[in-house]
Each structure stands twice: as C-alpha cells, then as structure tokens.
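The values are calculated or read from the model by the stated rules, or taken from the named source; none is laboratory data. The structure displayed is predicted, hence computed values, not measured ones. Heads up, the Cβs are rebuilt from the backbone with ideal geometry, glycines too, and the neighbour counts pull from every protein chain shown. With ligands, DNA and RNA removed, areas are computed over all heavy atoms of the protein, side chains included. Shrake-Rupley method; radii C 1.70, N 1.55, O 1.52, S 1.80 Å.
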Amino acid sequence: MLAVVSLLHPAQQISLTDWTVHPSTVIGLLAIAALYLWRIRVAERAAAPASGNGGAPPPGSYPAAATAPHRSVAPASTRPRTGPGGEVPSSAQRAAFFGALLVIFASLNGPLHDLSDYYLFSGHMVQHLLLTLIVPPLLIHGVPGGMLRPVLRNRTVFAIARWLTKPGVCFVLFNVVIAAWHLPPVYNLAMRHHGVHITQHLMFMVTAVIMWWPFLSPLPELPRLAYPGQMLYSFLMSLPMSIVAIYVAMADHVLYPAYSSAPRIWGLSPLEDQQLGGLIMWIPGGLFFYVVMTVVFFKWAARQEDSTAGAQVDWRPTA
C-alpha cells in the first residue's frame with residue numbers, strides 16, 4: 001500500500017531503502033515467533049515415544065495395543081494432526097503466520113513508520129489498514145485450533161473468550177476502538193507520547209483479531225458465524241469505518257495539529273494530506289469488506305450449508 005501512496009504523489013522525497021528499526025518491535029516479534037515455534041515443538045513431541053525407554057512410550061500413555069516394545073511410531077489416534085483443525089500448523093499456515101509478523105515489522109519500521117509518524121497522516125492510515133485488515137487474518141489462519149485449545153481448559157478463560165468472540169461484541173469492540181482513537185484529542189495524545197502510540201497500535205491489532213474471529217475461527221468451541229451471517233456481518237463492518245473516514249475527509253480544518261508542524265513532502269498541504277488519509281480509510285477500507293463478502297459467498301456456494309456447523313473449520317460433508 002505504500003506504493004499506492006507513492007504513486008499518488010509523484011514528487012516523492014522519502015527513501016524507500018532508508019530503514020530505521022525499532023528494537024521494541026523486533027523484541028516483541030521475536031518473542032511471538034519463539035512462542036509459536038515452541039508450541040509447534042510441544043505438539044510435535046506430544047505423541048513421540050519417550051526417550052530412554054527403548055523407543056517405547058511410557059506405560060499407560062497409549063492403549064495396550066500400542067505399548068509393544070520398541071514401537072517408534074505413535075498410533076494414528078495420538079499423532080498430532082496437521083492443518084486448521086489440528087495441533088500442528090501446515091506449511092501454508094506457518095507461511096501465513098510468519099507473513100503476518102513480516103507485515104507488522106514492515107509497518108512499524110522503515111519508511112512507512114517514518115512517513116506515518118513524522119510526515120503524513122495519509123501514511124498513518126495506510127499503516128493502520130495493514131495492521132487491522134491484513135495482519136489479523138494471517139495470524140488467525142496461521143494458528144491451528146489445537147494450539148489454542150489448551151488455553152481454554154480454564155473455565156474462566158473459556159467464558160471470557162466465548163463472550164469476546166460473540167459477533168456483536170466483536171463488531172462493537174473493534175469499531176469503538178477505531179472511532180475513539182480517531183477523535184482529535186485522543187489521536188493527538190498518541191502523536192505526542194510514544195507509549196500511548198504503542199498502546200494505540202496494540203489495541204488496533206488485538207481488537208482486529210477479535211473482529212476477524214467470526215470469519216476465521218479455528219475453534220468450533222468459539223464458532224464462526226454461519227455463511228449468511230458472515231455476509232451480513234461483512235456488510236455492516238464497512239459502515240462504521242466509512243463514517244469515521246467521511247468525518248476525517250470532509251473536515252474543513254486540520255484535525256490533527258501534529259501534521260501541521262511536520263515537514264512538508266510531496267507537495268501536500270496538511271489539509272490535503274488529511275483528506276487523502278480519509279479517502280484511503282474510506283475507499284480501500286470500505287471496499288475491502290466487499291471483497292471479503294465475495295469470498296464468503298463463494299465458500300457458502302461451495303459448501304451449500306446455511307447452518308453454523310457448516311461454516312466451521314471441522315465441517316465435513318454428509319453422505
């Protein structure tokens with residue numbers, strides 16, 4: 001999307017090769033990657049024969065038929081499953097997860113970060129769209145349900161998760177957070193204080209993951225919406241962001257003074273930059289959900305199921 005912004009401003013004066021890297025983002029991303037790899041290793045070793053026992057699993061860990069000496073392969077019923085509904089992510093899921101981390105890194109470092117923090121409000125809107133519309137679906141797709149299920153064994157955690165992933169709650173949380181952070185006093189506070197700015201981005205990403213849950217949940221226990229519901233949900237999701245974008249794009253004065261005092265690049269005045277940022281949020285941000293609606297329609301047509309069960313990750317066609 002940075003390229004799109006660049007094409008809109010032919011007199012580009014910011015270097016796309018000048019990368020500033022912020023240690024806090026690197027540390028955070030490395031910690032997430034390490035946790036992901038550790039969970040994969042735990043799942044892969046869960047059904048592996050215990051070491052120091054002649055290759056045999058510990059007594060009682062498998063059914064009697066599986067406890068023969070020197071058995072080096074776990075029974076099919078105890079092997080970790082690969083894929084969206086299993087315990088171990090597939091190659092495509094791993095690519096999606098690490099792709100999400102790469103997008104986060106590119107959004108919060110380098111030229112896009114510098115553009116959005118020091119020069120242009122419109123650059124900041126591109127950054128926010130990446131963090132809320134691209135990163136979350138990649139993250140959810142990259143984590144199979146079996147990796148999350150152990151966390152839900154705690155009844156309190158499960159109850160909270162069940163409430164947070166209700167479609168109405170998902171819708172309200174995400175849109176309230178988006179609207180609140182674009183109120184001038186709150187947005188300007190984030191621009192003045194780096195810690196508040198970090199909090200803003202974390203809230204965007206966390207609530208965006210929650211917002212995407214009714215489309216992509218890998219856990220039937222925290223179910224997806226049925227396909228007709230997903231289409232309605234997708235349509236409704238396009239409305240609040242458009243309202244915020246119209247408010248920003250149609251303002252007759254600069255709402256965010258931090259960009260008024262910023263060095264001018266690409267020949268944009270502060271008000272023109274603000275109008276462009278509103279349009280980026282309005283048009284690509286709004287149209288994105290119509291693309292999602294189209295994808296949902298074709299998935300619905302392929303499964304030919306109207307029920308909630310028919311939209312889940314573990315759905316199997318009936319005879």
**Message:** I'd like to compare 244-253, 122-131: which one has the highest average count of other Cβ atoms within 10 Å, and what's the full order after that?
**Reply:** 122-131, 244-253
**Request:** Provide the solvent-accessible area of Ile32, counting protein heavy atoms only and rolling a 1.4 Å probe, rounded to the nearest 10 Å².
**Result:** 80
**Fill in**
Taking r as the C-beta separation of Ala46 and Leu102 and R0 as 22 Å, the FRET efficiency to the nearest 0.05 is 0.20
**Complete:** Compactness summary of the stretch 170-319: radius of gyration and Dmax from Cα atoms, Å, are 19.0, 66
**Message:** How are the alpha carbon pair distances in the stretch 111-195 distributed across 5 Å bins from zero to the largest one, expressed in percent?
**Reply:** 3, 11, 14, 20, 17, 13, 12, 9, 3, 0
**Message:** Please list 3J(HN,Hα) in residue order for the stretch 221-238, calculated via the Karplus relation 6.51 cos²θ - 1.76 cosθ + 1.60 where θ = phi - 60°; whole Hz, with x for glycine and proline.
**Reply:** 5, 10, x, 6, 5, 4, 4, x, x, 4, 5, 5, 4, 5, 4, 5, 5, 6
**Full-stretch length increase - Met203, Glu221 - with 0.36 nm per residue and alpha-carbon distance subtracted** = 4.0 nm
**Residue-normalised accessible area of the stretch 211-319, expressed per residue, 1.4 Å probe, Å²** = 47
**Asked** What is the gain in length, in nm to one decimal, between Val157 and Asp306 on full extension, counting 0.36 nm per residue of separation less the C-alpha to C-alpha distance?
**Response** 50.7 nm
**Backbone N within the stretch 25-42 under 17 Å of label point (7 Å from Arg94 Cα along the Cβ vector)** = 32-42
**Request:** Take the alpha carbon atoms of the stretch 280-308, find their center, do the same for the stretch 241-260, and report the distance between the two centers in whole angstrom.
**Result:** 28
**Prompt:** Tell me, what is the 1.4 Å probe accessible area of Arg94, in Å² to the nearest 10?
**Reply:** 80
**Request:** Evaluate the distance, in nm, between pseudo-label points positioned 7 Å from the Cα of Lys299 and of Met250 along their respective Cα→Cβ axes.
**Result:** 3.3
**Item:** Contour excess over end-to-end distance, with Cα ends at Leu183 and Asp314 and 0.36 nm allotted per residue
**Value:** 43.0 nm
**Item:** Residue order for Thr207, Thr20 - accessible surface, 1.4 angstrom probe, largest first
**Value:** Thr20, Thr207
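Can you order the peptides 267-275, 222-230, 297-305 by their average number of other Cβ atoms within 10 Å per residue, highest first?
Descending mean neighbour count gives 222-230, 267-275, 297-305.
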**Item:** Shape parameters for the stretch 126-245, alpha-carbon atoms, Rg then Dmax in Å
**Value:** 15.2, 43
**Asked** Using Cα-only point scatterers and the Debye equation, what is log10 of I(q)/I(0) for the stretch 245-319 at each q in 0.14 Å⁻¹, rounded to two decimals?
**Response** -0.61
